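As structure tokens, the structure follows; a few thoughts come after it.
The values are calculated or read from the model by the stated rules, or taken from the named source; none is laboratory data. Only a predicted model underlies this, so the values are computations on that prediction, with no experimental measurement involved. Counting neighbours? That spans all protein chains shown, and the Cβs are built from the backbone with ideal geometry, glycine included.
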Amino acid sequence: MKDSERRFPDGPRLDAVSKVTGREKYAADYYSGKFLWAGVKRALIPHARLGAVHTGSALALPGVFRVLTHRDIAGSNRVGLVKNDQPVLADNTIRHAGDAVALVLAETRETLAAALERITFDHEPVPGVFDVEEALESEAPKVHEANEEGNLVRCVTIAKGDAGAALRESDVVVEGFFETSRQEHAYLETEAGWAHVDDRGVLTIIASTQTPYRDRAEIARSLGLELEKVRVAAPYLGGAFGGKDGITVQCLLGLAALNTDGVPVKMWWDRAESFLAGVKRLPARMYYRVGAKKDGTLHGLTGRLYFDAGAYAGLCGEIMAMGAEHAGSAYLIPNVSIEGRCVYTNNPVGGPFRGFGVPQATFAMEQAVDMLAEKLSLDPLEVRRKNALKIGDVNCLGVKLTYSTGIRECIDRIMEHPFWKERRTWKSSAPEWKKRGTGVGCMGHAVGYPALVPDQANAMLELKKDGTIRLYSSLPDMGQGNASTYLRIASAILDQDPGTMELVQPDTDHGLPSGSSSASRTTYTFGNAVIKAAEALKSTILGCAARIFGPSDAGGPLLVPGKVRDAISGREVPLADIARFLRDNERSQKGFFRAPSDESTIERFYLGAHVLFSYGAHLARIEVDTLTGGIEVVDYVAVTDAGAVIDRSLYDQQVQGSVAQGIGYALTEDYAAPGGMHATQNLSTYIVPTSLDLPDVVSVPVEPFEETGPFGMKGIGEVVISGCLPAIANAFYDACGVRITRAPFTPERVLSLISREGGGE
């Protein structure tokens, strides 16, 4: 049976009841009768030479069990997937204000706080670097002295055709400088975990993480342990958005647990510490020039992109590369020259965030398209549709698109929407002291990993002896509902009630590695592996049933909920009886899936290119208060090509959540860190939009069936957020006639702009 012919079971989210009733256990919920609290002394200075750490006063406090420094770490004392440049505990240099200097173990949270206050350390301040372009100058202070390329983390280039000549040949050329800020993840559950050394001598860590298998390797390496002596389990996460796609509490917890004489240990960052030490969306500066012919055909693009990594590399170079790969948005542009640089500074540490570098680049490109349309006196949506990628086109990175490409259909839906058709009438009816505008933004976003990193997954299904079916998940559920979706995918293949099936959350002790819960890959990649495992288990069950029922000319036995039924006689055998007939190794079946890729692109682009993309087109209607500078998003339409929709409620939740996060990114979330010092310290000054600040988001799916995806789907988690910044920025220009090129669009910035006679920032 083809995926397109399979029935995907409708029904409620399977984890809904356990979550809304509070029965579900998150990493922050782990306690026991006797345990210790762990916490760290943070540097609170951006750049210094570290001398002696004075712990005696803290140790003298009753209830303090131990104080640890880098000298207590047997391993490399370094984490970082690519560069391996971030210390677990600072040894000789402080590189940002959130660096951990000492680790304290105490009996209570109150004692822990008091002990941390007593720890002091000798240090010699050294000049820091806080501007992403100044950091590249030869005389700039080096964040990492050993880095041979100064403060450069990673540089990538994209060259397609002759961009310089194309701009000279263009009938119209626009250029602009665009800048985006940091964004805080602000998840409900801050970084948290629980650890102990079990009776096998295995360091066991339960953490709020997107990457348990990768964490396991980093913990072992940094702490000097054998891999088999480390276990990582990931319960449901209370939000992540990329902020837990790497090491947060894990190594600190592991170090603590190795020094507690078997007593469990808990670490749970409060909001201030999460702000100080957690990773942020990378700020970016972008210089764009785009040229087009008179008919609106895009002809050439040049861009220079600077991404601020902060003090440590993490995945920042890869984030910048992703932004560069998507620098031309979702358009066919024959001549492209992009140079991207990711740079060390002494600013807050950057890291993954929903969109992974694409929102920054899309913000620039989509405003440039509007600027071209205005110069050419053309409809901005017509220009976008004319240049929108289709199957068979070669994108900006030189990849020929062979998989579903629905950007034109997305644009068509926006063009047909009343909000677009009635935009002039709506604008002219603005109340006193208000200005109204309508703006659009389009985007594409890759699904999965690039070519150099095999995007693959392993799933395992088990028919238990009691007849129930258990699915071992390899990818954490951070609130997007993938755990529920996995069960329903398996149930569709096995013809079972998904509510009777059991899901085991990721655990390196009994699961199989499948990469991280990120990159819009969780349902696409792991879902495909689940299908293969389910098909293997179904074949095994039916093969066993055929031996029980005997030969049949009527198509053989059928799976029905909880049973196998003979097609001729109607006789039924419970799955528990089938399980007793099978050997243990037959009752468990595995499925493996590797996503499509193009390894030939590795030679010309860092990590290689992506081949599968989701797409979208957004429309925003805004009102600008000319007295206060406030911007209200009144209406919002998000049209998305994420392949076939297999669960409309989860689909809409992803769209609505992404738009909410995108509106916050555009308007209110201003993370200030002047001179590397975190001026924004909590949610009283970092303003996350609430339901009262947001419009009703109209979510419109465009559903080209993706043959390689489970039930025809692609990925929805990443693509949507990239449309928000440009749609609101273009609406602001429509309203005020002034182009806003720096985000967020704060009231102060808005008032400054509209007080001028035209021109942008």
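For Glu134, work out the one condition from (1) free of Cβ contacts under 8 Å to residues at least 12 places away in the same chain; (2) over 30 Å from Leu667 (Cα atoms) it doesn't fulfil.
Of the numbered conditions (1) free of Cβ contacts under 8 Å to residues at least 12 places away in the same chain; (2) over 30 Å from Leu667 (Cα atoms), the odd one out for Glu134 is (2).
Which one of these does Val153 not meet: (1) crowded, with 19+ Cβ neighbours inside 10 Å; (2) more than 30 Å from Glu134 (Cβ to Cβ)?
(2)
Considering only the stretch 111-133, state which residues are in contact with a strand residue (DSSP E or B) (Cβ under 7 Å, 6 or more places away or on another chain), within 18 Å of Thr93 (Cα to Cα) and surrounded by fewer than 17 Cβ atoms within 10 Å (Cβ to Cβ).
If the condition is that a residue be in contact with a strand residue (DSSP E or B) (Cβ under 7 Å, 6 or more places away or on another chain), within 18 Å of Thr93 (Cα to Cα) and surrounded by fewer than 17 Cβ atoms within 10 Å (Cβ to Cβ), then Thr120, Asp122, Glu124, Pro125, Val126 are the ones that fit.
Quick check on my filter: what residues within the stretch 443-455 are out of contact with any His (no Cβ under 6 Å at 6 or more places or on another chain) and either of a type outside the set (Val, Ile, Thr) or in a strand (DSSP E or B) (or both)?
Selection gives Met443, Gly444, His445, Gly448, Tyr449, Ala451, Leu452, Pro454, Asp455.
When the residues of the stretch 731-754 are filtered to those that are among the aromatic types (Phe, Trp, Tyr) and part of a helix (DSSP H, G or I), which remaining residue is nearest to Arg182 (Cα to Cα)?
Phe732
Here are Ala666, Ala660, Ala642: which of them is free of Cβ contacts under 8 Å to residues at least 60 places away in the same chain, crowded, with 20+ Cβ neighbours inside 10 Å and closer than 23 Å to His445 by Cβ?
On inspection, the qualifying residue turns out to be Ala660.
Do we have Asp652 as charged (D, E, K, R) and assigned to a helix (DSSP H, G or I) here?
Judged against the criteria, Asp652 is a match.
Could you tell me which residue of the stretch 197-224 is farthest from Val688 (Cα to Cα), considering only residues that are assigned to a strand (DSSP E or B) and touching a Phe, Trp or Tyr at 6+ places or on another chain (Cβ under 8 Å)?
Ile205
Hey, any hits in the stretch 217-228 for a residue that's in contact with a strand residue (DSSP E or B) (Cβ under 8 Å, 6 or more places away or on another chain) and within 27 Å of Gly22 (Cβ to Cβ)?
No: the stretch 217-228 contains no residue that is in contact with a strand residue (DSSP E or B) (Cβ under 8 Å, 6 or more places away or on another chain) and within 27 Å of Gly22 (Cβ to Cβ).
Which residue, of Leu167, Leu136, Leu81, is surrounded by 15 or more Cβ atoms within 10 Å (Cβ to Cβ), closer than 23 Å to Ala324 by Cβ and modelled with pLDDT under 95?
From the options Leu167, Leu136, Leu81, the qualifying one is Leu81.
When residues of the stretch 121-156 are filtered for being closer than 20 Å to His678 by Cα, part of a loop (DSSP other than H, G, I, E, B) and in contact with a Lys or Arg (Cβ under 7 Å, 6 or more places away or on another chain), how many remain?
3
Going through Arg109, Arg118, Arg168 one at a time, which residue ends up being farther than 30 Å from Gly63 by Cα, outside the structural domain of Leu607 (by TED's automatic domain parsing) and not aromatic (Phe, Trp, Tyr)?
The match here is Arg168.
Take the residues in the stretch 494-544 that are β-branched (Val, Ile, Thr) and surrounded by fewer than 17 Cβ atoms within 10 Å (Cβ to Cβ); name whichever of them is nearest to Asp466 (Cα to Cα).
Thr500
Mind listing just one residue for me: the one in the stretch 64-102 that is in contact (Cβ under 8 Å) with a residue 60 or more places away in the chain and more than 29 Å from the chain's Cα centre (by Cα) and, of those, farthest from Gly675 (Cα to Cα)?
Only one residue fits best here, namely Phe65.
Identify, by number, the condition in (1) within 18 Å of Phe353 (Cβ to Cβ); (2) touching a residue at least 60 places away in the same chain (Cβ under 8 Å) that Gln653 doesn't meet.
(1)
Looking only at the stretch 297-340, filter to residues that are crowded, with 24+ Cβ neighbours inside 10 Å and farther than 24 Å from Ser614 by Cα; which one of those is nearest to the chain's Cα centre (by Cα)?
Gly314
Of the residues in the stretch 46-67, how many are out of contact with any Leu (no Cβ under 8 Å at 6 or more places or on another chain) and either outside any loop (DSSP other than H, G, I, E, B) or not assigned by TED's automatic domain parsing to the domain that holds Ala90 (or both)?
10
Of the residues Ile548, Ile493, Ile489, Ile541, which is β-branched (Val, Ile, Thr), touching a strand residue (DSSP E or B) at 6+ places or on another chain (Cβ under 8 Å) and modelled with pLDDT of 95 or more?
Sole residue among the options that is β-branched (Val, Ile, Thr), touching a strand residue (DSSP E or B) at 6+ places or on another chain (Cβ under 8 Å) and modelled with pLDDT of 95 or more: Ile541.
Give Val279, Val343, Val263 a once-over and let me know the one that is crowded, with 24+ Cβ neighbours inside 10 Å, at pLDDT 95 or above, outside the structural domain of Ile411 (by TED's automatic domain parsing) and farther than 26 Å from Val738 by Cβ.
Val279
Could you tell me whether Gly392 is at positive phi and in the same structural domain as Asp495 (by TED's automatic domain parsing)?
No, not satisfied.
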